[in-house]
Amino acid sequence: MLTPVLEKLLILQDRDLRRLGIEAQLKAIPREVAGVEQKIAADRAAIETARTELKDLEVAKKALETEIGVAEQKLAKYRTQQLSVRKNDEYQALGHEIETVQGQIGGLEGQELETMYRIDEAKKRFASVESSLKLEIAAHEGRIRTLREREKNLTAELGSAQSETATAREPLTPSALRTYDRAGSRGMPAVVPIRGGKCGGCHLKVSSGTESAARGKDPDAEFALCDQCGRMVYWES
Ligand SMILES: [Zn+2]
């Protein structure tokens with residue numbers, strides 16, 4: 001038979017366990033949000049990497065175009081000079097210069113074509129990375145909204161759990177509360193049954209003195225405490 005005090009302590013313990021469960025869930029939320037935010041940051045960084053790759057190639061293409069332009073001006077100048085020279089060797093020297101510049105232009109145009117091809121590839125890659133990661137980011141953001149919503153609900157639940165706990169403490173004496181709080185501070189549950197001669201908290205055998213106190217056979221003992229873990233123990237009949 002449970003004493004009225006133990007009955008009240010078990011009610012308090014039920015409510016405390018519920019309150020602690022809510023607190024643990026609430027405590028886990030910021031870490032979870034931070035984890036999702038890290039994933040969003042990684043996705044954004046991956047999009048930026050693809051964007052930079054494309055931009056770098058476009059810059060390289062512009063530089064090649066400028067180089068080709070300069071070489072073409074040089075070519076035009078040599079051709080004009082060639083029209084006005086009289087001496088054969090000068091004519092031939094310019095012809096040689098013209099061939100060299102034409103060769104350079106050919107090389108640069110080859111590089112330009114290669115770069116254009118790479119730009120096309122980079123554009124495709126960027127588009128696919130951006131569209132798939134944007135979807136992923138949207139899903140992550142949805143997850144954060146759900147977590148925030150849960151945090152709000154749990155905070156409200158915690159408020160009512162706290163007031164229920166306070167209500168359950170009211171009928172208990174300071175001495176009972178002190179003993180309960182001390183046992184609970186070492187680990188919940190604070191109040192456990194003795195089963196098969198063993199403490200329901202640490203599962204170690206209780207002494208015969210503790211057992212008879214739990215059975216209510218020791219008039220001096222206000223509460224029976226496990227010899228090993230200090231939990232409040234009661235006799236379950
Ligand atoms: Zn114990």
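What to note about this one:
- When Gly197 is tested against (1) in contact with a strand residue (DSSP E or B) (Cβ under 8 Å, 6 or more places away or on another chain); (2) open to solvent by 60 Å² or more (accessible area, probe 1.4 Å); (3) not aromatic (Phe, Trp, Tyr), just one condition goes unmet, and that condition is (2).
- The single condition among (1) within 12 Å of the ligand (Cβ to nearest atom); (2) under 19 Å from Asp14 (Cβ atoms); (3) assigned to a loop (DSSP other than H, G, I, E, B) that Pro193 does not meet is (3).
- Checking each residue in region 196-210 for being over 17 Å from Leu6 (Cα atoms) and either more than 14 Å from the ligand (Cβ to nearest atom) or assigned to a helix (DSSP H, G or I) (or both) picks out Ser208, Gly209.
- Checking each residue in region 117-131 for being surrounded by 13 or more Cβ atoms within 10 Å (Cβ to Cβ) and of a type in the set (A, V, I, L, M) picks out Ile119, Ala122, Val129.
- Within region 217-229, being more than 7 Å from the ligand (Cβ to nearest atom) and crowded, with 18+ Cβ neighbours inside 10 Å holds for Phe223, Ala224, Leu225.
- Complete set of residues in region 157-187 that are among the hydrophobic types (A, V, I, L, M, F, W, C) and more than 13 Å from the ligand (Cβ to nearest atom): Leu158, Ala161, Ala166, Ala168, Leu172, Ala176, Leu177
- Among (1) surrounded by fewer than 17 Cβ atoms within 10 Å (Cβ to Cβ); (2) touching a strand residue (DSSP E or B) at 6+ places or on another chain (Cβ under 6 Å), the one test that Ala214 misses: (1)
- Thr146 surrounded by fewer than 16 Cβ atoms within 10 Å (Cβ to Cβ), more than 16 Å from the ligand (Cβ to nearest atom), hydroxyl-bearing (Ser, Thr, Tyr) and over 22 Å from Glu7 (Cα atoms): yes
- Some residue of region 71-90 being in contact (Cβ under 8 Å) with a residue 24 or more places away in the chain, under 30 Å from Arg125 (Cα atoms) and either open to solvent by 80 Å² or more (accessible area, probe 1.4 Å) or in a helix (DSSP H, G or I) (or both): no
The values are calculated or read from the model by the stated rules, or taken from the named source; none is laboratory data. From a predicted model like this one, the values you see are computed outputs, not experimental measurements. Every residue, glycine as well, gets a Cβ built from its backbone with ideal geometry; the counts of neighbours run over all protein chains shown. Each accessible area value is taken on the protein alone, full model and side chains, heavy atoms only, with ligands, DNA and RNA left out. Shrake-Rupley method; radii C 1.70, N 1.55, O 1.52, S 1.80 Å.
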